[in-house]
Each structure stands twice: as structure tokens, then as C-alpha cells.
Amino acid sequence: MGSSKNIPMDKVNLRLILVSGKTKEFLFSPEDSASEIAQFVFDNWPEEWNEEGVSRAEILRLIYQGRFLHGNVTLGALGLPPGRTSVMHLVPRETLPEPNSQDQRQKSKSGRSSCCSISCAIL
């Protein structure tokens, strides 16, 4: 079932899942932000992920519990428990959907479905 390796009590073990289904685990501090994590993964891209390589760290996005994470949110702010493994999806995406931007309300309801083109199954 879970991995038997000991995770330091001051670190979050992040299991990142690519669209292809490949996974890799990384240790991060609760103070690390989503953009810092994306940069670290980009700089330490696993060999077995070479086919999914991206041109720059800025387009890597983390998805946690079906929601895109903005770059400044930290693992601690998400409530991820240190000393445990948490799972996120890692996807290449140029722009983030804006959850409550003003122009969202001015758009007609028919145009709203375009912001939710990625569906995440919660297992």
C-alpha cells in the first residue's frame, strides 16, 4: 500500500501525478509555495518523465482536490500534514482559470463552461 520510507516530520511528501499517469514523490517544506514547487520539479525533472517535459517552469500547474493552485499558496496554507504523503496532479497549462474575477460575472452563462475543461476524478 503506502511507501514504507520514513518521511521527515517537518516535510510534506508530495506525490505528483502527470496526465500520463506517471508519478514521482518529492519532499517539500510546508512553507514552499506552488510556484516554488513547480520550479523545483522543473529543475529536477525525473528521467522517466522525459516524454512529458515542458519548456519552462511557469506553465507547470498543480491541482489539489480538483482545484488549480495559485503560485503563492503554500503547502501549509492548504493544510497538508507534515510527515505524510499528499497527492497532487501536475499539468502544463499556460493560464489559470480565474475563480472570482469581475469579468466572469459580466460573461453570459453559456460561456462559463470553458473554464472547467479539465475534469478531475476524485478517487
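The values are calculated or read from the model by the stated rules, or taken from the named source; none is laboratory data. All of these numbers come straight from a predicted model, not from anything done at the bench. In this analysis, Cβ positions are derived from the backbone assuming ideal geometry, glycine residues included, and neighbour counts consider all displayed protein chains.
So that you can scan it fast, the table gives a plain yes or no per residue for (1) crowded, with 16+ Cβ neighbours inside 10 Å; (2) free of Cβ contacts under 8 Å to residues at least 24 places away in the same chain; (3) among the basic types (Lys, Arg):
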| residue | (1), (2), (3) |
| --- | --- |
| Lys5 | no, yes, yes |
| Pro8 | no, no, no |
| Ser20 | no, no, no |
| Ser35 | yes, no, no |
| Tyr64 | yes, no, no |
| Arg67 | no, yes, yes |
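Within region 72-91, is there a residue that is under 11 Å from the mean Cα position of the chain (by Cα), in a strand (DSSP E or B) and free of Cβ contacts under 8 Å to residues at least 24 places away in the same chain? Checked against the condition, which is being under 11 Å from the mean Cα position of the chain (by Cα), in a strand (DSSP E or B) and free of Cβ contacts under 8 Å to residues at least 24 places away in the same chain, region 72-91 yields no hits at all. Inspection of region 95-103 finds a residue satisfying the criterion of being under 26 Å from Trp49 (Cβ atoms), modelled with pLDDT under 95 and surrounded by 13 or more Cβ atoms within 10 Å (Cβ to Cβ).
Scanning region 22-53 for residues that are of a type in the set (Val, Ile, Thr) and in a helix (DSSP H, G or I) returns Ile37, Val41.
Tell me whether region 50-71 contains one or more residues that are in contact with a His (Cβ under 7 Å, 6 or more places away or on another chain) and among the β-branched types (Val, Ile, Thr). Yes: one or more hits.
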